[in-house]
Ligand SMILES: [Zn+2]
């Protein structure tokens with residue numbers, strides 16, 4: 001489900017031209033809130049004027065005439081309806097607009113009391129009013145604003161974590177929840193399409209078979225065995241994918257050397273996108289010295305999430321940089337080999353080489 005379409009980042013335009021009398025009457029019959037503030041209906045039999053959404057019983061059509069605003073109705077001798085209070089629409093709209101401006105400019109989440117106080121309304125009343133005008137509560141509106149900001153920040157170069165804080169979130173978990181609800185995807189997935197990113201690649205032979213080596217301008221984004229350009233394009237469908245340049249050739253040579261000497265590549269630049277959890281797992285993997293192994297449970301504990309053993313295993317499986325991020329150094333708690341995305345034989349071979357060093 002796509003929630004983006006109903007995200008109001010701005011209020012509807014105010015005071016569009018007044019519709020013709022038949023349309024006005026139809027709006028009254030429908031009690032159309034969207035027409036409040038666009039015109040008022042004057043009831044000849046009672047001498048009062050109402051806004052279109054007035055909940056009072058409808059007069060007969062022939063008793064009603066329509067005028068553009070309360071001032072015109074008063075000039076024609078009508079009084080404001082005590083039930084729908086048509087004179088307050090302008091004031092309410094201004095208050096909501098002021099609140100929207102405040103929320104948009106706020107660095108962090110504001111309490112309802114603070115927003116209501118800023119516009120001079122009681123919190124409970126303002127909450128209802130805001131929802132009536134925008135279709136969202138102030139809190140939901142603020143979340144939508146932040147999600148929009150996050151979306152814009154993610155479209156810029158830089159890390160996911162930086163984008164999250166830039167958008168005004170205090171914690172990544174909140175950002176992921178909002179992003180899933182408002183953007184329909186997680187921040188990492190948003191970046192994974194590679195939009196706006198140039199990726200250079202080549203396939204190169206290693207002692208454990210052919211390797212795909214690919215990098216953005218910031219660092220390696222894909223190292224894998226047995227893959228080619230098609231796999232790269234499937235993974236980064238929106239990226240500008242180009243053949244290797246001399247800088248990538250140099251990096252690819254170093255990656256191949258890494259297969260034979262896993263300690264050799266510690267300083268290779270990396271540009272992988274993932275959730276904060278995945279990034280933490282991958283960092284923990286890079287901290288395992290060559291020749292040693294860890295269990296999935298030990299990795300989960302190392303990143304402060306001892307209960308997340310299964311998720312840690314999944315994050316290892318999501319590793320995009322074979323050998324450089326040494327997911328091959330993670331084994332099952334019982335000492336058995338566990339899985340490997342690029343084949344168990346390669347995992348065994350890599351571990352055997354490291355044990356010999
Ligand atoms: Zn009324």
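The values are calculated or read from the model by the stated rules, or taken from the named source; none is laboratory data. Since the structure is predicted, the reported quantities are computational estimates derived from the model, not experimental observations. All Cβ positions, glycine included, derive from the backbone under ideal geometry; neighbour counts span all protein chains shown.
Which members of region 132-158 meet the condition of being at pLDDT below 75 and surrounded by fewer than 16 Cβ atoms within 10 Å (Cβ to Cβ)?
Passing the criteria: 135, 152, 155, 156, 157, 158.
Taking residue 50, is it within 11 Å of the ligand (Cβ to nearest atom), over 29 Å from the mean Cα position of the chain (by Cα), at negative phi and modelled with pLDDT of 90 or more?
So residue 50 fits the description; yes.
Output the residue which, of all residues in region 70-98 that are surrounded by 19 or more Cβ atoms within 10 Å (Cβ to Cβ) and more than 14 Å from the ligand (Cβ to nearest atom), is nearest to residue 120 (Cα to Cα).
Checked region 70-98; the qualifying residue nearest to residue 120 (Cα to Cα) is 95.
For region 2-26, enumerate the residues that are modelled with pLDDT under 90, surrounded by 12 or more Cβ atoms within 10 Å (Cβ to Cβ) and in a helix (DSSP H, G or I).
Within region 2-26, 4 is the sole residue that qualifies.
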